[in-house]
1. Checking the conditions here, which among ILE221, ILE169, ILE202 is in contact (Cβ under 8 Å) with a residue 40 or more places away in the chain, under 22 Å from ALA133 (Cβ atoms), crowded, with 19+ Cβ neighbours inside 10 Å and not small (Gly, Ala, Ser)?
2. Could you tell me whether any residue of segment 72-81 is of a type in the set (A, V, I, L, M, F, W, C), open to solvent by 30 Å² or more (accessible area, probe 1.4 Å) and in contact with a strand residue (DSSP E or B) (Cβ under 8 Å, 6 or more places away or on another chain)?
3. Yes or no: GLU55 under 15 Å from the mean Cα position of the chain (by Cα) and under 24 Å from LEU158 (Cα atoms)?
4. Of all helices (runs of 4 or more DSSP H) completely enclosed by segment 47-146, which ones contain at least 3 residues that are at pLDDT below 95?
5. Suppose we keep only residues that are touching a residue at least 60 places away in the same chain (Cβ under 8 Å) and open to solvent by 10 Å² or more (accessible area, probe 1.4 Å) within segment 34-43. Which one would you say is farthest from LYS205 (Cα to Cα)?
6. Any residue that is open to solvent by less than 40 Å² (accessible area, probe 1.4 Å), at pLDDT 65 or above, within 30 Å of PHE99 (Cα to Cα) and not in a helix (DSSP H, G or I) - is there at least one of those in segment 1-23?
7. Inside segment 111-130, can you point out the residues that are in contact (Cβ under 8 Å) with a residue 60 or more places away in the chain, open to solvent by less than 50 Å² (accessible area, probe 1.4 Å) and either out of contact with any Asp or Glu (no Cβ under 7 Å at 6 or more places or on another chain) or over 17 Å from PHE164 (Cβ atoms) (or both)?
Amino acid sequence: MSLIQRKPRPILSRDKDPDQLRDTRLFIVACDDKHAPKQYFGFFRLPRVVVKVVETADGTSVAEHVLTRLMEFDYEPDDELWMLLDTDHMLERNHIRGFLRALRNAKRRGVQIAISRPSFELWLLLHHEPEQAVKHLTSASETESALRNALGEYNKVLLKETDFPLNTIVTACQRAIRLDERKAELIPRSVGSRVYRLWLSIAKKTMVSELPPELLGLVPIANED
């Protein structure tokens, strides 16, 4: 997404120039990963849309710390706040209680949550593999290995923009939606990624005339969501 300068957002009526209804739509995304999400969202440039990824900078990936970093970020009422989290290790007995507490706390604060089970790499893999091919993956290491096989190579510190072209987003979202069988539950019960929810929210807040042709398929999905 384009990292453009924030501007005032005057409240205008719908009967005025639609191009002046809003300027920058800002999505502030805190994650438990230092590398992959920030690079990934940096590949996509949409008019008047900014995805600001607040990555873990101190090696602290615990969900409660991710939420704290998010809430410390300077935001405005019409900005969307998101947490991107992995389940890998977080569902173990010594972590699950704190993980659930952070998720519930985030929901109370109006934060949207996009969990990937087991890891963000599952979302990346859905750009290349159908859902049937990923259902057996149970750990982050297995998922990274599958992604490496799909791409030929994979380095989370140095993602390649050409591996995730814009025309793969809609397909990845469709695959992720089919995997997400229990959408109302805080944590996905099986392998999958809810990063698709962030893309649908971006589509909802972007005028159809401003969406590139590759993303127009998100519109009917977002309207049904």
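1. Values: ILE221 fails: crowded, with 19+ Cβ neighbours inside 10 Å; ILE202 fails: under 22 Å from ALA133 (Cβ atoms).
One residue alone meets the criteria, ILE169.
2. Looking through segment 72-81, at least one residue is of a type in the set (A, V, I, L, M, F, W, C), open to solvent by 30 Å² or more (accessible area, probe 1.4 Å) and in contact with a strand residue (DSSP E or B) (Cβ under 8 Å, 6 or more places away or on another chain).
3. On the way: under 15 Å from the mean Cα position of the chain (by Cα): yes; under 24 Å from LEU158 (Cα atoms): yes.
Here the answer is yes, as GLU55 does meet what is asked.
4. Values: elements: 63-72, 93-108, 120-125.
By residue number, 63-72, 93-108.
5. HIS35
6. no
7. Across segment 111-130, the qualifying residues are ILE113, ALA114, ILE115, PRO118, LEU122, TRP123, LEU124, LEU126.
Listed here are the residues, each with its yes/no results for (1) over 19 Å from ASP79 (Cα atoms); (2) touching a strand residue (DSSP E or B) at 6+ places or on another chain (Cβ under 7 Å).
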{"position": "LEU186", "(1), (2)": "yes, no"}
{"position": "LEU200", "(1), (2)": "no, no"}
{"position": "THR206", "(1), (2)": "no, yes"}
{"position": "GLU210", "(1), (2)": "no, no"}
{"position": "VAL219", "(1), (2)": "yes, no"}
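The values are calculated or read from the model by the stated rules, or taken from the named source; none is laboratory data. The structure presented is a predicted model; accordingly, all values stated were derived computationally and were not measured. Cβ atoms come from the backbone with ideal geometry, glycine included; neighbour counts cover every protein chain shown. Accessible surface is based on the protein model in full, side chains and every heavy atom, while ligands, DNA and RNA are left aside. Shrake-Rupley method; radii C 1.70, N 1.55, O 1.52, S 1.80 Å.
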